[in-house]
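To start, the structure itself, in structure tokens.
The values are calculated or read from the model by the stated rules, or taken from the named source; none is laboratory data. The structure displayed is predicted, hence computed values, not measured ones. Accessible surface is based on the protein model in full, side chains and every heavy atom, while ligands, DNA and RNA are left aside. Shrake-Rupley method; radii C 1.70, N 1.55, O 1.52, S 1.80 Å.
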Amino acid sequence: MRLVGIDPGLQRTGYACVELPTRGLEPRLVEAGVIRLRASASTPSRLLQLHRELSELLEEFKPVRVTVESVFSQARFARAAIVMGHARGVVVLAAMQQGIEVSELAPAEVKRAVAGRGNASKDQVRRAVMAQCGLRSMRGPSDVSDAIAIALCAARRMGALR
């Protein structure tokens, strides 16, 4: 059973596919990466690009569920929450168009599940993900490690429910 975790954004959207084995609870990382959106493009163009590229990934991975980070905001970062909301909408649409179940997890819940603290830093999440996936190094932006953390958390929840 495969699950995909998404860390949505309009500049970069992180994605990670994990596989939950039929026996045991520990998911295995299949692939992770980032969709880089053209910064010079208009917001509608970036949303279209995100939809196209994410749809292709979902067709390739064939997950049973897509889990996306829920929107959180602080008053001083209201614009960031609105932008993230646009990207989240595209993620949900792409998954639903393919008949894939969608769930969401709060950032603090994901951090607590992989790093042991709901207020863990980006670096702490990255190091925890590397250790849990047996990775010697991890290149790329934090969007990738965040997406892996989301996928791991979602998979472990599903594994515990089986």
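Quick check: with the 1.4 Å probe, what order do Lys111, Lys62, Lys122 take by accessible area, largest first?
Ranked list, largest accessible area first: Lys62, Lys122, Lys111.
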query: How many percent of DSSP beta bridges within the chain run antiparallel, rounded to 5?
result: 60
field: Spatial extent of segment 18-104: Rg and Dmax, with the Cα atoms as the point set, Å
entry: 14.8, 46
- request: Starting from the alpha-carbon convex hull of the chain, give the projected area averaged over all orientations, in nm².
  value: 9.2
query: What residues qualify as long-range amide H neighbours of Arg65, i.e. H under 5 Å apart, gap of 5 or more or another chain, H built at 1.01 Å from N?
result: Val4
